[in-house]
1. Hey, R116 hits all of (1) loosely packed, with under 12 Cβ neighbours inside 10 Å; (2) of a type in the set (K, R); (3) in a loop (DSSP other than H, G, I, E, B) but one; which does it fall short on?
2. Inside segment 81-100, can you point out the residues that are among the hydroxyl-bearing types (S, T, Y) and surrounded by 15 or more Cβ atoms within 10 Å (Cβ to Cβ)?
3. Select from segment 34-63 the residues that are assigned to a loop (DSSP other than H, G, I, E, B) and under 14 Å from the mean Cα position of the chain (by Cα) and list them in ascending order.
4. Please find, within segment 83-109, the residue that is nearest to the chain's Cα centre (by Cα) out of those that are under 19 Å from D54 (Cβ atoms) and not polar (S, T, N, Q).
5. Any idea how many residues of segment 42-62 are crowded, with 17+ Cβ neighbours inside 10 Å and of a type outside the set (S, T, N, Q)?
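Read-outs: derived from the displayed coordinates by stated rules, not from any lab. Being a predicted model, the structure only gives us computed values, none of them experimental. With ideal geometry, Cβ positions are generated from the backbone for all residues, glycine too; neighbour counts draw on all protein chains shown.
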Amino acid sequence: MAVRGIRGAITVTVNEEAAILEATEKLIRAMVEVNGVDPEDIASVMITVTHDLDAAFPARGARALPGFELVPLMCSNEIPVPGSLEKCIRVMMLVNTEKSSREIRHVFLEGASVLRPDLNSQVK
C-alpha cells in the first residue's frame, strides 16, 4: 500500500457560504467516487481557496460527507498569482491505496477544468 495524492479543483460564481460549501462537497464527492476511496483510507485533505473566497471554510462542506467526521482537513489561501483563475477551490487528498499513480483519476470541475486538462478525468 502507498500514499497517493488525488488532485481536484472547482470554481464558484459567487463568494457566498452556500456556494463554497456545495462546491467543496461536490468536488470531494466526485474525487472519492471516481477513485473508489473509502474515507477510512484518507490520510488527510488540504483545501485551498483563492483570495476572493472568504465567506466560509470549505472544510465544512467536506465534513458534511458521510465518513468524513474524523478525516483530517486543513484550509489555506492559494498564492495570489496575477492573472490566475479566480473563485477557485483546490483540493489535495492524500489516500492510502493499492492503486498506482497512473490509476489515480484527478477531478477538475466547472471553470477549473482549464487548470490541468492533461490530468482531468472529465467527471461531470
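1. All conditions pass for R116, except number (1).
2. T97
3. Passing the criteria: V37, T50, F57, P58.
4. Step one: list which residues in segment 83-109 are under 19 Å from D54 (Cβ atoms), which gives 84-91.
Checking which are not polar (S, T, N, Q) leaves us with 85-91.
Numbers: L85: 15, E86: 15, K87: 13, C88: 10, I89: 7, R90: 5, V91: 3 Å.
Here the residue is V91.
5. Quick first cut of segment 42-62, residues crowded, with 17+ Cβ neighbours inside 10 Å only: 42, 45, 47-50, 53, 56-59, 61-62.
Adding the requirement that they be of a type outside the set (S, T, N, Q) leaves 42, 45, 47, 49, 53, 56-59, 61-62.
The number of residues fulfilling the criteria is 11.
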